[in-house]
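A.B. asks: Can you keep this structure in mind? I'll have questions shortly.
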Amino acid sequence: MEELHFICDCCGTPYPVDTQLWRCTDPACLGNFLLKGGPRFDPGKIRQDDFSLWRYRDLLPLPTGTKPVSLGEGGTPLISHSPADDLVLYKLEFMAPTGSFKDRGFTTLVSGLAAQGVQQAVEDSSGNAAASFAAYAARGGLKARVFAPASASPAKLAQVRIYGAALELVPGSREMTTEAAHAAVAAGARYASHVHHPFMMVGLRTFAWEIWEQMGKKMPDAIVCPVGQGGLLLGAYEGALALREAGLIDRLPRIFGVQTAACDPMVRAFEEGEETAAPLPPPGPQPTRAEGIRIAAPMRSRMVLRVARETGGAILRVPEEAILEAQKSLALQGLFVEPTSAVVMAARPAIRAILGLEAQILLALTGSGLKSGAPV
Ligand SMILES: [Zn+2]
């Protein structure tokens, strides 16, 4: 087994897994870290007596001696649109301990950091990631410091506080919140970033593995995720890739990302054939219900765009006006998700137009509606 290490996704420079750095230090590059090494996927190593995502613990590339800091995350339901229609599937990621898919990543990130002896760390987020980090830090005995925009959803901020994290509200844009976190990291804090730390992606891979198990050892034709920074989309890809490398599936699912027209830097880059997404030009992002994907300057666009193209997927935009209708239409099936998650439902007609009527499509329902308040 190849030893665990990070490499820069841009220039390939290797870094140790316990580095204090969070991205490539070459000023001409500043690329993101990817995790290399670790075990190959082997279905014989799935722990059949564990129904959390730690059933895959022997397949997760984490430091030696890592003990799960777990709230029983993973094992989210996979249901079909209706008993008569299994061409649309929903993966209920909002049924996670803190109400969002982010728990898959923070259970492995916090566990990995704890194994490295880290006792305090910082994170920046507009909501779900902050709440998830705060919960897992509480569970693992880590001191958590969270930077969040002052404009973030009050329910999400209340959640961060009650988990006991030190919350620092930053006025202004989402990007200014990130800058405040970067300043804390430059002053010596460990960065438990859901965007940058590869241990986050380790847990997100299990999204794909669960789908493969729940569908009877196969994958749908397409997987559709909301895209802000692209964490779940990349996790789905890395997980599916591990299955293909192990010879368990013949081809990767086509991977689609969805943004709102109010904030669509990845869509613009996809349409224009660019390798990376430029920050949205002035006047910048417009107001949107989909606050969780209001990322004007995405950090990992190179990988996200590559995955969409390589798998035959796409990055699509939906009109802002379509989001509320999509949220209601899911609710009328008993599924109360936050507006950010509803973009995948709004994108369904566009994806059908690309894939045809016979394709089996899985929509990731990423966050709970209970945190975003009643739709108005
Ligand atoms: Zn580099």
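A.B. asks: Could you check, for the stretch 230-241, whether at least one of its residues is in the same structural domain as Arg352 (by TED's automatic domain parsing) and out of contact with any helix residue (DSSP H, G or I) (no Cβ under 9 Å at 6 or more places or on another chain)?
C.D. replies: Looking only at the stretch 230-241, we keep the residues that are in the same structural domain as Arg352 (by TED's automatic domain parsing), and these are 230-241.
Applying the additional criterion that residues be out of contact with any helix residue (DSSP H, G or I) (no Cβ under 9 Å at 6 or more places or on another chain) yields none.
Within the stretch 230-241, not a single residue is in the same structural domain as Arg352 (by TED's automatic domain parsing) and out of contact with any helix residue (DSSP H, G or I) (no Cβ under 9 Å at 6 or more places or on another chain).
A.B. asks: OK, next. Condition test on Ala322, is it farther than 28 Å from Gly172 by Cβ and not in a helix (DSSP H, G or I)?
C.D. replies: So Ala322 does not fit the description; no.
A.B. asks: For the stretch 290-319, which positions are more than 16 Å from Pro279 (Cβ to Cβ), in a helix (DSSP H, G or I) and open to solvent by less than 10 Å² (accessible area, probe 1.4 Å)?
C.D. replies: Once the filter is applied, which keeps residues that are more than 16 Å from Pro279 (Cβ to Cβ), in a helix (DSSP H, G or I) and open to solvent by less than 10 Å² (accessible area, probe 1.4 Å), the stretch 290-319 yields Val307, Ala308.
A.B. asks: Among the residues of the stretch 48-58, are any assigned to a strand (DSSP E or B) and open to solvent by 10 Å² or more (accessible area, probe 1.4 Å)?
C.D. replies: No, that holds for no residue.
A.B. asks: In the stretch 183-194, which residue that is in contact with an Asp or Glu (Cβ under 9 Å, 6 or more places away or on another chain) and of a type outside the set (Phe, Trp, Tyr) is surrounded by the most Cβ atoms within 10 Å (Cβ to Cβ)? Walk me through it before giving the result.
C.D. replies: First pass over the stretch 183-194, keeping only residues in contact with an Asp or Glu (Cβ under 9 Å, 6 or more places away or on another chain): 184, 191-194.
Those left that are additionally of a type outside the set (Phe, Trp, Tyr): 184, 192-194.
On the way: Ala184: 18, Ala192: 31, Ser193: 25, His194: 22.
Ranking the candidates gives Ala192 first.
A.B. asks: Out of the residues in the stretch 27-38 that are under 28 Å from Gln214 (Cα atoms) and surrounded by 15 or more Cβ atoms within 10 Å (Cβ to Cβ), which is nearest to the ligand (Cβ to nearest atom)?
C.D. replies: So the residue we want is Leu34.
A.B. asks: Would you point out the residue of the stretch 152-179, among those that are surrounded by 18 or more Cβ atoms within 10 Å (Cβ to Cβ) and out of contact with any helix residue (DSSP H, G or I) (no Cβ under 7 Å at 6 or more places or on another chain), that is modelled with the lowest pLDDT?
C.D. replies: Filtering the stretch 152-179 for residues that are surrounded by 18 or more Cβ atoms within 10 Å (Cβ to Cβ) and out of contact with any helix residue (DSSP H, G or I) (no Cβ under 7 Å at 6 or more places or on another chain), the one modelled with the lowest pLDDT comes out as Arg174.
A.B. asks: Please give the strands (runs of 3 or more DSSP E) falling wholly within the stretch 75-127 in which 3 or more residues are of a type in the set (A, V, I, L, M).
C.D. replies: In the stretch 75-127, the matching strands (runs of 3 or more DSSP E) lie at 85-92.
So that you can scan it fast, the table gives a plain yes or no per residue for (1) closer than 18 Å to Lys91 by Cβ; (2) assigned to a strand (DSSP E or B); (3) without any contact (Cβ under 8 Å) to a residue 60 or more places away in the chain; (4) of a type outside the set (Asp, Glu):
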{"site": "Gln327", "(1), (2), (3), (4)": "yes, no, yes, yes"}
{"site": "Gly334", "(1), (2), (3), (4)": "yes, no, yes, yes"}
{"site": "Thr340", "(1), (2), (3), (4)": "yes, no, no, yes"}
{"site": "Val343", "(1), (2), (3), (4)": "yes, no, no, yes"}
{"site": "Pro349", "(1), (2), (3), (4)": "no, no, yes, yes"}
{"site": "Ile354", "(1), (2), (3), (4)": "no, no, yes, yes"}
{"site": "Glu358", "(1), (2), (3), (4)": "no, no, no, no"}
{"site": "Leu363", "(1), (2), (3), (4)": "yes, yes, no, yes"}
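A.B. asks: Moving to a separate point now. When you go through (1) within 20 Å of Gly72 (Cβ to Cβ); (2) open to solvent by 10 Å² or more (accessible area, probe 1.4 Å) one by one for Ala131, which number turns out not to apply?
C.D. replies: It fails just one condition, (2).
A.B. asks: Taking the stretch 11-26 as the region of interest, how many residues are open to solvent by 70 Å² or more (accessible area, probe 1.4 Å), within 11 Å of the ligand (Cβ to nearest atom) and farther than 22 Å from Asp124 by Cβ?
C.D. replies: Residues meeting the conditions: 1.
A.B. asks: Follow-up question, since we're still on this one. Which one is farthest from Leu62 (Cα to Cα), of the residues in the stretch 1-10 that are within 8 Å of the ligand (Cβ to nearest atom) and assigned to a loop (DSSP other than H, G, I, E, B)? Let's see the steps before the verdict.
C.D. replies: Going residue by residue through the stretch 1-10, those that are within 8 Å of the ligand (Cβ to nearest atom) are 8-10.
Imposing the further condition that a residue be assigned to a loop (DSSP other than H, G, I, E, B) reduces the set to 9-10.
Working: Asp9: 19, Cys10: 23 Å.
Here the residue is Cys10.
Okay, residues lined up against (1) in contact with a Ser or Thr (Cβ under 9 Å, 6 or more places away or on another chain); (2) among the acidic types (Asp, Glu):
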| position | (1), (2) |
| --- | --- |
| Glu175 | no, yes |
| His182 | no, no |
| Ala187 | no, no |
| His194 | yes, no |
| Pro198 | no, no |
| Met215 | no, no |
| Ala236 | no, no |
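The values are calculated or read from the model by the stated rules, or taken from the named source; none is laboratory data. Just so it is clear, the model here is predicted, and its values are computed rather than measured. Neighbour counts run over all protein chains shown; Cβ positions are idealised from the backbone, glycine included. Note: accessible area is taken over every heavy atom of the protein model, side chains too, but ligands, DNA and RNA are not part of it. Shrake-Rupley method; radii C 1.70, N 1.55, O 1.52, S 1.80 Å.
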